[in-house]
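FYI, it's all coordinate maths here, none of it is from the lab. Just so it is clear, the model here is predicted, and its values are computed rather than measured. Using ideal geometry, Cβ is built from the backbone for each residue, glycine included, and neighbour counts are taken over all protein chains shown.
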């Protein structure tokens, strides 16, 4: 399935999910209509048995008569002569059609103008995502990280308390939902699909807030990979040692490195070699990826990198031979320009 088809399929799922949410939101209108239909039918049955000539024989028939009256269709038989039953012929259509008209007007108005319910719609879109990256904070760094994640063909959900309208418009053009909410609340993380996400990226400018959200994210999904932006480099190192987080100092890491970390690629800060930036990276090969079973020489040629080592469970091989085979479950260490890691990450994700 192509990326375009995936996006179209997600829109269909999001539309269905949002419609269900709308139905739940207007369930009171359905309850009111059901009350008029069933309650009115039972009352019509008992009134008919007291004053009707002839009386209605069953409760089901009475409910059917009320349903006919709601839609201005006369029930079988003649117009009743008793005033008690005559009231039903005038009140039931007013109550029934009133409940239908009010519920339909509000439902259709919000259904066809989802912009009035932008937050609910974004939540509905996010509910269709799985194995995605949640980015907290639509700052300059967050925006650049999202663009790099898009280049890596990764699915993204964004949470920002006060999003900039222009940034939101551009991000949403890629099919990425932006939920306007406080990410420090568990409900906001749950609306972004924290239980189904694979990575939580914290790009706000508040170190304490990043830590609070990271802890709450881990509590909701212990298996999630947390990447936190920390301004203080020493603090970032202390967090990595104390918690199971990837804490990166923004003073030494740029957006591409943040995005690569979210994709499961551990990467060092760039080194300038003859005017070009290079980074060392560590990547665990998945058993069902395209990289599994490839030769070292082919990997270096296809992905423009230099393989430094292959780390296996039983043995490690440094400066491996070109004919050496890379297997799933092994970890490779390679040197390359940060921009070249994209294709390798994609190949490792594909099945």
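Calculated over segment 271-316, the projected area of the Cα convex hull averaged across directions stands at 4.1 nm².
Using a 10 Å cut-off around each Cβ, can you sort 34, 327, 246 from fewest to most neighbouring Cβ atoms?
Exposure proxy ranking, most exposed first: 34, 327, 246.
For the pair residue 82 and residue 12, a Förster radius of 41 Å applied to the C-beta separation gives a FRET efficiency near 0.15, rounded to the nearest 0.05. Spin-label model, residue 323 to residue 276: label points 7 Å out along the Cα-to-beta-carbon direction sit 2.8 nm apart. Taking the number of Cβ atoms within 10 Å of each Cβ as an exposure proxy, the fewest-first ranking of 173, 336 is 173, 336. By other beta-carbon atoms within 10 Å, ranking 207, 151 with the fewest at the front produces 151, 207.
Size of segment 266-351 from its Cα atoms: along the principal axes, largest to smallest, the extents are 36, 26, 21 Å. Label-to-label distance for residue 169 and residue 119 is 2.3 nm, based on points extended 7 Å past Cα in the beta-carbon direction.
Full extension of the segment from residue 288 to residue 131, taken as 0.36 nm per residue of separation minus the current Cα-Cα distance, would add 54.9 nm. Separation of segment 316-338 and segment 266-314 by C-alpha centroid, Å? Result: 6 Å between the Cα centres.
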